[in-house]
Amino acid sequence: MAMFKIDQSLSVYGLLIHFVIAMIFTLSFILVIPEYWGAAFGYFAFCVVLFTQQRLHRNSFRVGMMFLKLNHYEAALESFTRSLEYFEEHPVLDKYRWPLLISTSSFTCKEMCLRNITACHVLLKNKEQASFYYDTLLCINADWKLKMPWYDEFLNKFY
């Protein structure tokens with residue numbers, strides 16, 4: 001029962017940003033360590049940063065996505081709520097997510113958490129909570145109404 005399409009693809013610009021950051025790491029190591037070892041260390045450093053940043057700061061979100069795919073909505077809701085609290089405590093990570101988390105999404109992490117919390121409440125048939133989180137999402141970014149015109153209809157369809 002997959003009602004929400006989960007978009008995990010990177011855009012062309014996202015791939016370009018990843019490539020540029022990897023090249024910056026590589027070139028900075030080439031300047032310090034000549035020849036091939038500099039490139040190898042630079043690329044290795046980029047991979048370490050990519051892995052640790054995404055694992056440390058987005059762990060609850062990833063776990064929530066896993067639970068959402070497995071239709072365990074209560075557990076997903078708990079994980080997304082933890083992730084939302086984390087990004088509310090660390091707004092700098094959310095604001096500068098593309099260099100810090102190496103995230104290329106056009107949505108902030110907080111917006112993605114709110115969207116998924118709303119989805120979990122809809123799937124659990126908690127209309128009041130779903131409406132509250134959807135309204136909170138629209139207060140943060142009114143463009144969500146344009147990006148998801150079907151969402152209002154979807155909220156009212158189940159009730």
Self-check item: Extension gain, Ala75 back to Cys47 (0.36 nm per residue minus Cα-Cα distance, nm)
Solution: 7.1 nm
Quiz item: Using the beta-carbon distance between Val32 and Tyr96 and R0 = 30 Å, what value does 1/(1 + (r/R0)^6) give for FRET efficiency, to the nearest 0.05?
Solution: 0.75
Self-check item: Cut-off 15 Å between beta-carbons: net charge of the residues surrounding Asp94, Lys and Arg +1, Asp and Glu -1
Solution: +2
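Coordinate-derived values only; no laboratory data. Because the structure is a prediction, the values reported are computed rather than measured. Cβ: placed from backbone, ideal geometry, glycine included. Neighbour counts: every protein chain shown.
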